[in-house]
Amino acid sequence: MGGVLIDFDPHKTMRSVFCEQDAVRAEQVLFHSGMWNNLDLGTTGFAQLADAACAQLPAHMHAPLRALLMRWWDKEMPPFDYMEDFVREVKDAGYGVYLCSNTSADIYTHFDAIPVLRLMDGIIASCDYGVTKPDARLYEALYARFGLRPEECFFIDDMPRNIEGAAATGMVGHCFADKNVARLREAMREQGIRI
């Protein structure tokens, strides 16, 4: 979802609030310590994340960091409108479209803010399974829950390690880090997907 259907760029977001030095500190604490992963595992929420992060950061960063985290879903992850059109095109061609995402439980309270999610035939959210991509168990949960066969699926993600994780379970994938829809279409057509 993040980086494919919606914008997720913590590097840019941190610099929209903090000076470079503080942005680096915040990134280190939130994203390189495993804290953010706890959101995706479903073991913590944003308020608890803010408390834990502030305990490791200077006092002048506390208020802006808390404000940032509390608005994260509403303001910091806008949908890519062009991907809604793309998903519609894929569905109109007769294919099922499923979401397999590392995400917090907040996805359910912010569902309507991301219109493309209404087009999904099913959703696997890491917070519900206590594992995150690239762990094979999350992909296997996708196959089991929706009766899918990995060799019949095509996986799109912006993280190479998640593509590798999918491949290890038998699913072909494409890294969408470049946000190049033409290249994505080409990769899908190479796999026999008629869109």
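Please determine, by comparing only the residues of the stretch 47-92 that are surrounded by fewer than 13 Cβ atoms within 10 Å (Cβ to Cβ) and not in a helix (DSSP H, G or I), which one is nearest to the chain's Cα centre (by Cα).
78
Consider the stretch 149-195. How many of its residues are under 21 Å from residue 2 (Cβ atoms) and of a type in the set (Asp, Glu)?
4
How about the stretch 94-115: which of its residues are part of a helix (DSSP H, G or I), in contact with a strand residue (DSSP E or B) (Cβ under 9 Å, 6 or more places away or on another chain) and modelled with pLDDT of 90 or more?
Matches in the stretch 94-115: 107, 108, 115.
Within the stretch 146-179, can you find the residues that are under 16 Å from residue 96 (Cβ atoms) and in a loop (DSSP other than H, G, I, E, B)?
Correct list: 147, 148, 149, 153, 171.
When the residues of the stretch 128-145 are narrowed to those that are closer than 16 Å to residue 97 by Cβ and hydroxyl-bearing (Ser, Thr, Tyr), which ends up surrounded by the fewest Cβ atoms within 10 Å (Cβ to Cβ)?
Initially, the stretch 128-145 is screened for residues closer than 16 Å to residue 97 by Cβ, giving 139, 142-143, 145.
Imposing the further condition that a residue be hydroxyl-bearing (Ser, Thr, Tyr) reduces the set to 139, 143.
On the way: 139: 26, 143: 19.
Per the criteria, the residue is 143.
The values are calculated or read from the model by the stated rules, or taken from the named source; none is laboratory data. Treat the numbers as computed from the prediction; the structure is a model and nothing was measured. A quick note on method: Cβ atoms are made from the backbone with ideal geometry, for glycine too, and the neighbour counts reach across all protein chains shown.
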